[in-house]
Amino acid sequence: MQTNNRIIALFLTAVVLLTATACHTGTSTQSSDTAQTADREGNPVTLPQKIDRIISLGPSNTEILAALGVADKIVAADTYSRGIDGLADDIPLFNMMAPDGEQILLLEPDVIFVAGMCKTGGIDPFQVLSDVGICVLFIPTTSSIAGIQEDIRFIAKVVNAVEKGNAIVADMDETIDAVAKTAETVTGRKTVYFEISAESYSLYSFGRDVFLHEMLEMIGAENILADRNQWIAVSDEVILKRNPDVILTNVDAIDEPVKEIMSRPGWDVITAVRNGDVYFIDAASSSRPTHNVMKSLQQMAKAVYPDKY
């Protein structure tokens with residue numbers, strides 16, 4: 001009986017949403033209070049003109065929404081968004097990889113912003129929500145600063161905060177221009193290894209086509225793994241052979257990650273370790289593709305070239 005009641009409640013909620021919400025993927029007849037567009041993944045969607053209830057599944061989406069001044073409209077988020085400035089403490093937090101469709105429906109969102117990583121193996125866990133009329137907008141993880149800026153502009157347009165979105169992007173450009181101007185004065189580019197997962201788990205870093213690689217280039221440094229692509233596992237042997245001048249880490253899964261790197265057996269021959277040039281970079285701002293990467297950009301610049309920045 002309890003199961004039947006849950007099914008009936010889900011069905012009734014879906015019916016209400018079908019009549020009250022105008023956004024879904026696919027084609028539809030556009031009404032005067034909707035707007036046809038496409039999400040950042042290229043899926044056609046119809047946006048409701050008025051958006052008062054937002055669900056944000058993905059901490060990057062949540063950070064951008066908060067910066068745009070609409071955090072008060074977020075009625076639920078994902079567990080990784082916990083603690084983001086502006087987000088209410090008492091809202092429901094969902095597992096974004098396994099969303100509770102029934103609970104999401106009961107919250108009656110006007111729109112759901114979803115991180116692209118939620119699609120695994122090409123399976124869309126939100127299709128059932130789209131099918132009942134919920135506006136689901138996918139924001140794939142971008143590989144570039146320009147892509148981050150486009151995400152901000154897109155989300156700003158959806159929530160009717162275009163002017164604020166443009167201001168955020170302009171602030172990013174100002175920071176980038178200042179860093180680039182200083183980078184032009186750099187002679188003898190330093191080589192850098194940026195660690196995003198520690199030895200106690202498995203060494204992990206990145207090559208090209210990652211916004212962090214682009215940021216290393218912006219400050220006038222050279223990624224020792226620039227001959228690789230995207231996010232990669234790497235061995236001790238490779239790091240030892242390529243002998244970076246500086247090591248950066250944003251690992252926060254262990255205590256004192258800098259000390260852990262400095263004490264690794266055999267790593268004392270690496271120039272960065274020998275000279276004590278191992279530095280921690282803020283984990284949240286360096287791992288989430290949002291406007292806050294500018295904080296990490298400045299930290300990276302000062303760590304690698306303290307006499308320049």
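The values are calculated or read from the model by the stated rules, or taken from the named source; none is laboratory data. For clarity, every value in this text was computed on a predicted model and none was experimentally measured. We place every Cβ from the backbone using ideal geometry, glycine too, and count neighbours over all the protein chains shown. SASA here: full protein model, heavy atoms, side chains in, ligands and nucleic acids out. Shrake-Rupley method; radii C 1.70, N 1.55, O 1.52, S 1.80 Å.
Per-structure values
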quantity: Some residue of region 82-89 being open to solvent by less than 70 Å² (accessible area, probe 1.4 Å), in a loop (DSSP other than H, G, I, E, B) and farther than 17 Å from Ser285 by Cα; calculated: yes
quantity: Residue count for region 103-122, restricted to those that are under 20 Å from the mean Cα position of the chain (by Cα), open to solvent by less than 20 Å² (accessible area, probe 1.4 Å) and aliphatic (A, V, I, L, M); calculated: 4
quantity: Selected residue (criterion: surrounded by the most Cβ atoms within 10 Å (Cβ to Cβ)) from residues of region 90-102 that are modelled with pLDDT of 90 or more and not in a loop (DSSP other than H, G, I, E, B); calculated: Phe94
quantity: Members of region 158-195 found to be on the phi > 0 side of the Ramachandran plot and either touching a residue at least 40 places away in the same chain (Cβ under 8 Å) or surrounded by 13 or more Cβ atoms within 10 Å (Cβ to Cβ) (or both), listed by number; calculated: Asn160
quantity: Set Ser202, Ser144, Ser130: member being touching a residue at least 12 places away in the same chain (Cβ under 8 Å) and either touching a Leu at 6+ places or on another chain (Cβ under 7 Å) or open to solvent by less than 20 Å² (accessible area, probe 1.4 Å) (or both); calculated: Ser130
quantity: Residues that are over 22 Å from Gly276 (Cα atoms) and open to solvent by 60 Å² or more (accessible area, probe 1.4 Å), drawn from region 218-248; calculated: Asp227, Arg228, Asn229, Gln230, Trp231, Ala233
quantity: Some residue of region 274-290 being surrounded by 14 or more Cβ atoms within 10 Å (Cβ to Cβ), on the phi > 0 side of the Ramachandran plot, more than 24 Å from the chain's Cα centre (by Cα) and not β-branched (Val, Ile, Thr); calculated: no
quantity: Residue satisfying condition, being open to solvent by less than 70 Å² (accessible area, probe 1.4 Å) and of a type outside the set (Phe, Trp, Tyr), within set Pro257, Pro306; calculated: Pro257
quantity: Residue match in region 67-77 (condition: more than 27 Å from Met294 (Cβ to Cβ) and outside any loop (DSSP other than H, G, I, E, B)); calculated: yes
quantity: Tabulated pairs, region 286-304, first closer than 15 Å to Gly220 by Cα and at pLDDT 95 or above, second β-branched (Val, Ile, Thr) and assigned to a loop (DSSP other than H, G, I, E, B), C-beta under 8 angstrom, 6+ apart or interchain; calculated: Ser296/Ile281; Leu297/Ile219; Gln299/Ile281; Met300/Ile219; Met300/Ile281; Ala301/Ile219; Ala303/Ile281; Val304/Ile219
